[in-house]
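Remarks on the structure that follows.
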Amino acid sequence: MAAKNLVIVESPAKARTLEKYLGRDFQVKASVGHIVDLPKSKLGVDIKKGFAPDFHVIPAKKKVIEELRRAAKGKENIYLASDPDREGEAIAWHIADQIGKDHKKIHRVLINEITRKAVQEAIANPQELDRNKFDAQIARRVLDRLVGYQISPILWKKVRRGLSAGRVQSVAVRLVCEREKAIRAFVAQEYWSLTAMLEGRLPPSFEARLVQWQGNKVDNKKFRLEQEPVVREIMKSLEGASWIVGNVEKKERRRFPTPPFVTSKLQQEAARKLGFQPKRTMQIAQHLYEGVDLGPDGSVGLITYMRTDSTRVSADALSAARQFIQGQYGQKYLPEKPVVYRSKKGAQDAHEAIRPTSMEYTPERVRKYLRRDAFVLYSLIWARFVASQMVPALFDQTTFDIPVGESLFRATGQQLKFDGFIKVYTEGRDEKVDKDEADEEEQDQEGTLPDLRAGDRLELRSLEPGQHFTQPQPRFTAATLIKELDEKGIGRPSTYASIISNVLDREYVVMDERKSLMPTELGFLITDLLVDSFPDILNAEFTAGMESVLDKIEEGKEDWAKAMKRFYTSFSRDLKKAEAEMRDVKRQEVPTDIPCEKCGAMMVVKWGRNGEFLACPRYPECKSTKNFSRSANGDVQVVEAIEVDETCEQCGKPMQLRWGKYGRFLGCSGYPECKNIRSLEKPVDLGIRCPQCKEGNLQEKKSRRGKLFFACDRYPECHFATWDRPVGEACPKCGESILLEKVTKRAGQVRRCHKKECGYQVQLAQ
């Protein structure tokens, strides 16, 4: 018997999970992401006709659309179950357009968690397509297209081809650049501390820090001890002084749990604790949401929808969490009533917080069915949610104030009294500027002070001065940049992963060995050019304001075409001005006092594909070039190549150690006549067994031109190599041990079998 109803989702994984829950009356098909898009080769927005977008069917999706049309014929009901956000709403509208808008049988269903109950309830209570949410997504798409497709060509003309600008991405790069400029301009200031080691009538001995001098609070912000002579003066004044406990304060401190995850917090915490980049976090979370094969239980969605900025949790989920806590940890860990968290101002409350869909699926129970990265992320989500519904941790805190002459010393200690939510989870912390400049709470020492009373005499064991220097703000990490974007209202939680990924891929920003984000010379250059020419676009407040406009469109309080017109009025003026006045970096030559070693002419600084370099001004007659670095004051300094004990296998001349865009490499000293180079970058082991020799592991390597490829570590014994990224999953068609992932212009992100003769290929959700 043929199915009476059709459900259309985005991904095949989600389709398989829904099929399990809906039964024979329902056929489930996947659109595999977007089915239409704006054209790649042109703007695709008709500015004169109310900014109408020119959507075209993605060539690779023509077959998918035909399949959806065939499946829709004769169905009593068609349920569009794409993701419950703006982008998912746009996909639903486009599908409805393609299969025929018979609104009597086309319904929209919003599935926030892929469980049997949630899916069946969504189907039983369908909604209409949301025009306002669709308009908000169209507005975002048009806005981003106007900015990206009209600024980028100017950069191609003035700097080089292949560059891009983005409404949110460029602001993110600016934040990184401004932080780096502040770090470089920072002048460290000396300051001192004074610590006394004291002993009372009862052990243990303890430290007390100078917190006040001559009525001034030593907070290292408004007032600090700036020079050693001042500290020596204080120490001299304390010679022979009596040390007596003054005020003793004992109190119980409570530390409260953090709310369950929203998207931005999940990305931050996964970066801190697991070292995951935001893009990877969201890919894994998507997998957990859409469904994981749990053996006898079949495909199960383990977490709720992962793109949300709401901390709201359903009553059923709260009840289940409380039952679990009581059963697992006991009544003392359970608050009297469920803990309700307030979402931040401006949060869209359509979806719950990110949480497990069922308390039955503990991390340990599902561990054997999950890859390691999926397991650790699921464990993080699980622990955070459970902890959010537990009682606070309790600490006994004791503070001694010890007045000595014109000085006041303070000792603070605390001891865990009851672990509460800490039994399950504690939130990670970002890097602090300086522990001596941390707030008082963060200076609390885990440890117990002796049981002393006011008036007790103390014996001074030592008095130690400490020299310190103020520190600049640390560089952004992926976690702290997301935090900054989130706090400033720039972008949406769903866009943060792609923003971080884009700025790294475009090489406007690089990541150092500590996972800190550093702007490249290209990043600085593009930011400076854009700030000069497009002050509004590069303004954080303006960008945040545009997000507010998009929210109003979704709420039905703003017409999207009018909003675009308002934006474009000033933007078009900036475009014309930039075309005429933006600095032409391609033709710019900055003179130096460094002579060309071949012809004697004074070399100039030019900009090329790999950034700044020194070149002879007599090019093309003289093709001499050199790498250079800049000193702290900006002076140009030649970076000399270092000869190594190796010869070029092509011409026999000595090889030289050089530094380039892709790190260290060996280059022939006969350059430019001989252009032989050899990479020195160490390959990255992927932990995936080679499918060809079955003995070696696959490694991520860089070609001599910096392009990533993947090859067996047993080369030259094994010659397996591919440009596409391997995935340690067996082919569902032929059983081969790995799949390959790549991004194509037509099909987007696809996953295929590495054996071409197999032919298996599936498009991933976009």
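Scanning the stretch 123-138 for residues that are part of a helix (DSSP H, G or I) and out of contact with any strand residue (DSSP E or B) (no Cβ under 8 Å at 6 or more places or on another chain) turns up Ala124, Arg131, Asn132, Lys133, Phe134, Asp135, Ala136, Gln137.
Checking the condition β-branched (Val, Ile, Thr) and over 30 Å from Thr263 (Cβ atoms), which residue from Val510, Val585, Val531, Val549 passes?
So the residue among Val510, Val585, Val531, Val549 that is β-branched (Val, Ile, Thr) and over 30 Å from Thr263 (Cβ atoms) is Val585.
Residues that are of a type outside the set (D, E, K, R), over 22 Å from Leu302 (Cβ atoms) and not in a strand (DSSP E or B) within the stretch 1-22 comprise Met1, Ala2, Ala3, listed in sequence order.
Listed by first and then second residue, the pairs linking a residue in the stretch 311-328 that is touching a residue at least 60 places away in the same chain (Cβ under 8 Å) and assigned to a helix (DSSP H, G or I) to a residue that is of a type in the set (A, V, I, L, M) and surrounded by fewer than 18 Cβ atoms within 10 Å (Cβ to Cβ), with Cβ atoms under 9 Å apart and 6 or more places separating them unless they lie on different chains, are Leu318/Val340. Selection within the stretch 274-290: residues that are touching a Leu at 6+ places or on another chain (Cβ under 8 Å) and either within 19 Å of Pro356 (Cα to Cα) or free of Cβ contacts under 8 Å to residues at least 12 places away in the same chain (or both). The member of this set that is surrounded by the most Cβ atoms within 10 Å (Cβ to Cβ) is Ala285. Within the stretch 470-479, none of the residues are of a type in the set (Gly, Ala, Ser), on the phi > 0 side of the Ramachandran plot and not in a loop (DSSP other than H, G, I, E, B).
Listed here are the residues, each with its yes/no results for (1) of a type in the set (Asp, Glu); (2) crowded, with 18+ Cβ neighbours inside 10 Å.
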| residue | (1), (2) |
| --- | --- |
| His468 | no, yes |
| Arg475 | no, yes |
| Thr480 | no, yes |
| Ile490 | no, yes |
| Ile500 | no, yes |
| Asp505 | yes, no |
| Val510 | no, no |
| Glu513 | yes, no |
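Kindly establish whether Lys14 is farther than 30 Å from Gly295 by Cα, buried (at least 21 other Cβ atoms within 10 Å of the Cβ) and modelled with pLDDT under 95. When the stated conditions are applied, Lys14 does not pass them.
Considering only residues of the stretch 554-608 that are of a type in the set (Lys, Arg) and not in a loop (DSSP other than H, G, I, E, B), which is modelled with the lowest pLDDT?
In the first step, residues of the stretch 554-608 are kept if they are of a type in the set (Lys, Arg); the result is 557, 562, 565-566, 573, 576-577, 583, 586-587, 598, 606.
Now restrict to residues that are not in a loop (DSSP other than H, G, I, E, B): 562, 565-566, 573, 576-577, 606.
Details: Lys562: 95, Lys565: 95, Arg566: 94, Arg573: 95, Lys576: 95, Lys577: 94, Lys606: 86.
Checking each candidate, the answer is Lys606.
Go through Arg573, Arg566 for me and flag whichever is over 27 Å from Arg160 (Cβ atoms), among the basic types (Lys, Arg) and free of Cβ contacts under 8 Å to residues at least 24 places away in the same chain. One residue alone meets the criteria, Arg566. Taking the criterion of being among the charged types (D, E, K, R), closer than 18 Å to Glu352 by Cβ and in contact with a strand residue (DSSP E or B) (Cβ under 7 Å, 6 or more places away or on another chain), the only residue of the stretch 83-121 that qualifies is Glu113.
When the stretch 246-273 is filtered for residues that are aliphatic (A, V, I, L, M), more than 21 Å from Gly301 (Cα to Cα) and in contact with a Leu (Cβ under 8 Å, 6 or more places away or on another chain), only Val248 remains.
What about Leu530, is it crowded, with 22+ Cβ neighbours inside 10 Å and either not assigned by TED's automatic domain parsing to the domain that holds Arg492 or not aromatic (Phe, Trp, Tyr) (or both)?
Details: crowded, with 22+ Cβ neighbours inside 10 Å: yes; either not assigned by TED's automatic domain parsing to the domain that holds Arg492 or not aromatic (Phe, Trp, Tyr) (or both): yes.
Yes, satisfied.
Being β-branched (Val, Ile, Thr) and within 30 Å of Thr448 (Cβ to Cβ): is that true of Thr362 here? Spell out the reasoning first.
Values: β-branched (Val, Ile, Thr): yes; within 30 Å of Thr448 (Cβ to Cβ): no.
For Thr362, the condition - β-branched (Val, Ile, Thr) and within 30 Å of Thr448 (Cβ to Cβ) - is not met.
As a summary of the residue check, Ala271 satisfies the conditions (1) touching a strand residue (DSSP E or B) at 6+ places or on another chain (Cβ under 8 Å); (2) in a loop (DSSP other than H, G, I, E, B) except for the one numbered (2).
Residue by residue, here is whether (1) surrounded by fewer than 23 Cβ atoms within 10 Å (Cβ to Cβ); (2) in contact with a Pro (Cβ under 8 Å, 6 or more places away or on another chain); (3) over 24 Å from Asp551 (Cα atoms) holds:
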position	(1), (2), (3)
Lys62	yes, no, yes
Ala71	yes, no, yes
Tyr79	no, yes, yes
Asp85	yes, no, no
Ala92	no, no, no
Gln120	yes, no, yes
Asn125	yes, no, yes
Ile138	yes, yes, no
Lys158	yes, no, yes
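If the condition is being assigned to a helix (DSSP H, G or I) and more than 22 Å from His287 (Cβ to Cβ), then the stretch 71-88 contributes Ala71, Ala72. Name the pairs: first residue in the stretch 169-182 and over 14 Å from Ala478 (Cβ atoms), second residue of a type in the set (Phe, Trp, Tyr) and part of a helix (DSSP H, G or I), Cβ to Cβ under 6 Å, at least 6 apart or on different chains? Between residues of the stretch 169-182 that are over 14 Å from Ala478 (Cβ atoms) and residues that are of a type in the set (Phe, Trp, Tyr) and part of a helix (DSSP H, G or I), the close pairs are Cys177/Phe524.
Of the candidates Arg141, Arg145, the single residue that is in contact with a strand residue (DSSP E or B) (Cβ under 7 Å, 6 or more places away or on another chain), over 30 Å from Ile303 (Cα atoms) and of a type in the set (Lys, Arg) is Arg145.
For the stretch 373-397, filtered to residues that are assigned to a helix (DSSP H, G or I) and more than 20 Å from the chain's Cα centre (by Cα), the residue that is nearest to Gly420 (Cα to Cα) is Ala387. Whether any residue in the stretch 108-116 is basic (Lys, Arg), assigned to a helix (DSSP H, G or I) and buried (at least 20 other Cβ atoms within 10 Å of the Cβ) is what I want to check. Within the stretch 108-116, none of the residues are basic (Lys, Arg), assigned to a helix (DSSP H, G or I) and buried (at least 20 other Cβ atoms within 10 Å of the Cβ).
Is there a residue being touching a His at 6+ places or on another chain (Cβ under 7 Å) and closer than 20 Å to His287 by Cβ anywhere in the stretch 40-63? Scanning the stretch 40-63 turns up no residue that is touching a His at 6+ places or on another chain (Cβ under 7 Å) and closer than 20 Å to His287 by Cβ.
Of Ile402, Ile422, which residue is assigned to a strand (DSSP E or B) and among the hydrophobic types (A, V, I, L, M, F, W, C)? Can you show your working first?
On the way: Ile422 fails: assigned to a strand (DSSP E or B).
Step by step, each of Ile402, Ile422 is checked, and only Ile402 is assigned to a strand (DSSP E or B) and among the hydrophobic types (A, V, I, L, M, F, W, C).
Evaluated against (1) under 16 Å from the mean Cα position of the chain (by Cα); (2) surrounded by 19 or more Cβ atoms within 10 Å (Cβ to Cβ); (3) more than 16 Å from Gln268 (Cβ to Cβ), Leu522 falls short on exactly one condition, (1). Where strands (runs of 3 or more DSSP E) fall wholly inside the stretch 634-753, the ranges with 3 or more residues that are at pLDDT 75 or above and out of contact with any His (no Cβ under 8 Å at 6 or more places or on another chain) are 636-638, 642-647, 654-660, 663-668, 684-689, 697-702, 708-712, 748-753. Within the stretch 609-628, no residue satisfies the criterion of being under 26 Å from Ser533 (Cα atoms), small (Gly, Ala, Ser) and either part of a loop (DSSP other than H, G, I, E, B) or in the same structural domain as Ser533 (by TED's automatic domain parsing) (or both). In summary, Ala438 fulfils each of the numbered conditions (1) surrounded by 13 or more Cβ atoms within 10 Å (Cβ to Cβ); (2) at pLDDT 90 or above with the single exception of condition (2).
For the criterion of being of a type in the set (Ser, Thr, Tyr), surrounded by fewer than 20 Cβ atoms within 10 Å (Cβ to Cβ) and touching a strand residue (DSSP E or B) at 6+ places or on another chain (Cβ under 8 Å), Thr569 fails.
The values are calculated or read from the model by the stated rules, or taken from the named source; none is laboratory data. A quick note: this is a predicted structure, and the numbers were derived from the prediction, not measured. Cβ sites come from the backbone with ideal geometry, for glycine too, and all protein chains shown count toward neighbours.
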